[in-house]
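Scroll down for the structure; my scribbles are underneath it.
What follows draws every value from the coordinates through simple rules; no lab data is involved. As the structure is a computational prediction, the values presented were derived from the model and not from experiment. Virtual Cβ from ideal backbone geometry, glycine too; neighbours counted across all protein chains shown.
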Amino acid sequence: MGIDEIYKLYFKDVYLYILGLSSNKIIAEDITQETFLKAIKTIDSFDGKKDIRAWLFTIAKNTYFTLYKREKIYIGKEPFDNTKDDNINIVENLVNKESAFLIHRFLHTMKEPYKEVFNLRVFGELSFDKIGMIFAKSDSWARVTYYRAKKMIIEYMEEIEEDE
């Protein structure tokens, strides 16, 4: 598959992924373009073992966070759909060092298996299928456990924000 074909097939997916992270159309367009430029330069390093879309998402995510650190932009200030996106809030909190410390401190007190499932998913970047295999459970169990852990963290962070 040529890069033109890859671009046509996955441009919209990468764009929407970054738009979800940034909530900014201009940033999403820039990062998407830069992602494909990087993909063109490193296409020889893609071994084909993973889904090419996942590879592109990884490039896009890393490019976005590099921009975030460099420009110190604020993620998700003006969401497009007025709904609260918990994933963006967690990403924001992990990027912010003080909030990251609070999350890590809360994770330290969190009960198992929530703590380990969350860590494997967020920091280990494992799929729900692989997390389920580690615990000898289903991928659905891993998904539910992860979302419950995420909900606990979000509630904890909201309590802290209310106290301030």
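Note on residue 133 and residue 109: their simple-model spin labels are 3.6 nm apart, each label 7 Å out from Cα toward Cβ.
For a 32 Å ceiling on Cα separation, which of these pairs sit above it: 61/115; 8/69; 38/115?
Details: 61/115 24 Å; 8/69 29 Å; 38/115 35 Å.
Beyond 32 Å: 38/115.
Here the simple spin-label model places points 7 Å from the Cα toward Cβ, and for residue 53 and residue 162 these points are separated by 3.8 nm.
What is the calculated FRET efficiency for residue 41 to residue 123, with r their C-beta to C-beta distance and R₀ = 25 Å, to the nearest 0.05?
Details: r = 28 Å, r/R0 = 1.11.
Calculated transfer efficiency: 0.35.
Hey, any idea what Rg/Rh is for the stretch 1-66, computing Rh the Kirkwood way over Cα pairs? Intermediate results must be reported in sequence, preceding the final value.
Numbers: Rg = 11.0 Å, Rh = 11.7 Å.
Radius of gyration over Kirkwood radius for the stretch 1-66 works out to 0.94.
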